[in-house]
Amino acid sequence: RYYSEKRISHQWLQVHLLKSLDNVNSILEVGPGLGLVSSMLHNAGYQVTTVDHLSNQYPHPDIKFIKREIMDLKENEISGYDCIICCETLEHLLWQDVDIVLNKFFASGCEWLLVSVPYQGFQLDFRLFFNLYKFKKNFSLKILKFLRKFRFDINSDPYGHKWEIGYKEYSLSKLEKKIKRVGYHIHIRDFSSPCRSVFYILRNKKY
């Protein structure tokens, strides 16, 4: 289930966006999941370190692994990298704790930060494919989520999503205010399809 068609394109985008960055060799990937992005990064020639609160799901002799809760990370543990990747992870934190983690990333001194979170704002996704032998279509419409509160039960699912952008009280502009308040400059903003997340490449203003 994890390696679905929509997830593959979403994970590919994480690696694809790095092409626009010069002099990025070492990467810290926060929340690597089952390791598909880790393996693609390694195959593309990057030096990869991963960090997760779970046990290592993709042991590889060339990929260093740090077992740590994201809120417990120390600045010296995440410093010295050219880029930090933190995709589909921040939404598992409480909204107010996102500021703490972003500040940790900024204080590490790493020049680049690539983040993504689920985006449920208004959007239309329609695709059609056919040839002499096959016909298929996809249609997705997201609308009026900004009128609804995002619901979660921290007791039954402590590691589940605590918020998603596009719901009431969680607008894209509020997320970008958090990002800029920390001290990051938004270098690129992009959206994945059909997984429908918003991606940011952020640059530390110290550079």
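The values are calculated or read from the model by the stated rules, or taken from the named source; none is laboratory data. Nothing here was measured: the structure is a model prediction, and the numbers come from that model. Here the Cβ is made from the backbone with ideal geometry for all residues, glycine too, and neighbour counts use every protein chain on show. The protein model used for the area step is the full one, side chains on, heavy atoms only, and it has no ligands, DNA or RNA in it. Shrake-Rupley method; radii C 1.70, N 1.55, O 1.52, S 1.80 Å.
Quick look at the numbers
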read-out	value
Every residue from the range 136-194 that is open to solvent by less than 40 Å² (accessible area, probe 1.4 Å), closer than 22 Å to residue 106 by Cα and assigned to a helix (DSSP H, G or I)	172, 175, 176, 178, 179, 182
Neighbours by Cβ (under 6 Å, 6+ apart or cross-chain): first from the range 92-112, more than 21 Å from residue 160 (Cβ to Cβ); second of a type in the set (Gly, Ala, Ser) and open to solvent by 40 Å² or more (accessible area, probe 1.4 Å)	108/79; 109/79
Candidates 78, 85, 66 - the one that is of a type in the set (Val, Ile, Thr) and surrounded by fewer than 17 Cβ atoms within 10 Å (Cβ to Cβ)	66
Boolean, residue 39 is in contact with a strand residue (DSSP E or B) (Cβ under 8 Å, 6 or more places away or on another chain), modelled with pLDDT under 95, polar (S, T, N, Q) and surrounded by fewer than 20 Cβ atoms within 10 Å (Cβ to Cβ)	no
Test result for residue 26, small (Gly, Ala, Ser) and over 13 Å from residue 84 (Cβ atoms)	no
Among (1) open to solvent by 60 Å² or more (accessible area, probe 1.4 Å); (2) in contact (Cβ under 8 Å) with a residue 60 or more places away in the chain; (3) not β-branched (Val, Ile, Thr), the one test that residue 10 misses	(1)
